[in-house]
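Report on the following structure.
Every number in this text was worked out from the coordinates using simple rules, so none of it is lab data. Note that the structure is predicted; figures quoted are calculated from it, not measured. Note that we place each Cβ from the backbone using ideal geometry, even for glycine, and neighbour counts take in every protein chain shown.
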Amino acid sequence: VLLSESAGIEKSQLKADLKRIGITKGDHVSVALSFKKVGFVKDGPDALIDSLLEVIGPEGTLMMNTFTQSFPLTEIKRDYVFDPLSTVPYTGLVPKTLMKRKDAIRSRHPTCSVVALGRLSKYITDGHDEHSQPFLPYVKLAQVGGKHLCIGIDDRLVGLRHEAQRRASLFIVPTFMGVLYKNLQGLVNVFVWQSPPCNTRLPELVTELERKGIVRRGKIGNAQSIVGNVNELIETMSAMLKKDPTLNLCYDFSCLRCRELERRMNLHGRIKNPKFFQKSLLIRRALGYRNRLVLRRYSCVSFRNSEWKRRIHPASILEVGIRRFVWLISKILK
Ligand SMILES: [Zn+2]
């Protein structure tokens, strides 16, 4: 692309785009995004943050996910300690930039923290710590009529969709993860949490949400974007998943979370067009055995240093063996 072709996207265009998709004065809005998809923005992430803040005004609130790492319980990193003041989120440049703004507040949850700026920033981040449920800020946003805006990340309703899964009681596979964190007293502690179910198929729910008029589509810069009311999104998604939990099941036979979810919830009889690995009792047994081995990684706490290499354990050879065996059968059946 020639640089002379365009001087970049102006703030005025971003503001017009935000208004067009339905962001208005006084909105409390959580934003999840891929900044790259927006295009070349003149003045970078700050211009996008300013556009959002100017459209919602001082009465509104801007929130972004500043999620951070956690590890299988048997492999907690000794030299990674979450500190809300300094740990860099993996959710990208824009949330990282928002964190640096004066008056921005980052919550203390060791894996699912958020940053908020604006009128309700304190309310939204308060009490979101190691003792609270991980997606509390979305519950609060739902209560105040907040909106969720996803920019350039297709139909992935990041963050909020896990709250829908939680309400649909899908957190039943014991995939516990851990991370070291600094608590309010400055002491280093271990935090353990149950990581969310698989989300591969959740974007498919958005078609239905759009049909119901809950999701609206538009463009921010060059990025395809969607927006909706947080409460309606969570309520409708969780109702759909509760009514038919098979909507959550992906098609990857080696997906620990989905294969264990269908086994533990006894969903095999309810799956429309089941795959070979969902039909064959033999393969279901083999995968069940393999998953039991894998789940050991999430069942008891131990630590590792950064130079750590995973030991080759007889169980992991068996685990890979079973996975290869199922893969081979899938090829033969084709
Ligand atoms: Zn899956």
message = At a 10 Å Cβ-Cβ cut-off, how would you order 162, 148, fewest neighbours first?
response = 162, 148
message = Given R₀ = 25 Å, what would the calculated FRET efficiency be for residue 50 paired with residue 210, taking r from the Cβ atoms and rounding to 0.05?
response = 0.25
request  = Please compute the net charge surrounding residue 134, taking Lys and Arg as +1 and Asp and Glu as -1 over other residues with Cβ under 11 Å from its Cβ.
outcome  = -2
query = Between residue 81 and residue 331, what is the FRET efficiency for a Förster distance of 51 Å, r being their Cβ-Cβ separation, to the nearest 0.05?
reply = 0.70
ask   = At residue 59 and residue 100, where each label point lies 7 Å from the Cα along Cα→Cβ, what is the point-to-point distance in nanometres?
value = 3.2 nm
task = In whole angstrom, note down how far apart the Cα centers of the range 267-297 and the range 195-220 are.
result = 27 Å
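Share of antiparallel DSSP beta bridges in the chain, in percent to the nearest 5?
70 percent
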request  = Would you mind calculating the gained length between residue 131 and residue 289 on full extension (0.36 nm times residue separation, minus the Cα-Cα distance), in nm to one decimal?
outcome  = 53.5 nm
query = Which loop-located GluC sites (Glu not before Pro) does the range 39-100 contain, where loop means any DSSP state but H, G, I, E or B and the Cβ has at most 16 other Cβ atoms within 10 Å?
reply = 59
ask   = Listed here are the pairs 147/212; 140/182; 77/100; which of them are more than 22 Å apart at the Cα?
value = 140/182; 77/100
remark   = Calc'd 3J(HN,Hα), the range 89-94, phi into Karplus 6.51 cos²θ - 1.76 cosθ + 1.60 (θ = phi - 60°), Hz, glycine/Pro = x, comes to x, 8, 8, x, 5, 5
inquiry  = Run the helix sum for the chain: -39,500 (n - 2.57) per DSSP H stretch of 4+ residues, divided by residue count, reported at 222 nm to the nearest 500 deg cm²/dmol.
reply    = -11000 deg cm²/dmol
key: Convex hull volume per residue in cubic angstrom - Cα atoms of the chain   = 167 Å³
ask   = Where does each of 99, 265, 64 land when they are ranked from fewest to most other beta-carbon atoms within 10 angstrom?
value = 265, 99, 64
message = Let me check the size of the range 1-134 from its C-alpha atoms; what are the radius of gyration and Dmax in Å?
response = 16.5, 53
query = Hey, with R₀ at 56 Å, roughly what FRET efficiency would residue 268 and residue 7 work out to, going by the Cβ-Cβ distance, to 0.05?
reply = 0.45
inquiry  = I'd like to verify something in the chain: which complete DSSP H helices, judged by Cα projection on the helix axis, reach 27 Å or more and average at least 0.5 on the Kyte-Doolittle scale?
reply    = 314-333
ask   = Got a sec? Which residues in the range 74-102 would a label at residue 299 touch, if it sits 7 Å along Cα→Cβ and we count backbone N under 11 Å?
value = none
ask   = So which GluC sites (Glu not before Pro) in the range 238-311 are both in a DSSP loop and have at most 12 other Cβ atoms within 10 Å of their Cβ?
value = 307
task = Quick one: check the C-alpha center-to-center distance for the range 119-167 versus the range 43-99, whole angstrom.
result = 13 Å
key: Contact order normalised by residue count of the chain, Cα under 8 Å, 6+ apart, percent   = 20 percent
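Provide 175, 97 in ascending order of the number of other Cβ atoms located within 10 Å of each residue's Cβ, fewest first.
Starting with the residue having the fewest Cβ neighbours, the order is 97, 175.
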query = What nm value, rounded to one decimal, do you get for the distance between residue 239 and residue 280 when each label is placed 7 Å out toward the C-beta?
reply = 4.0 nm
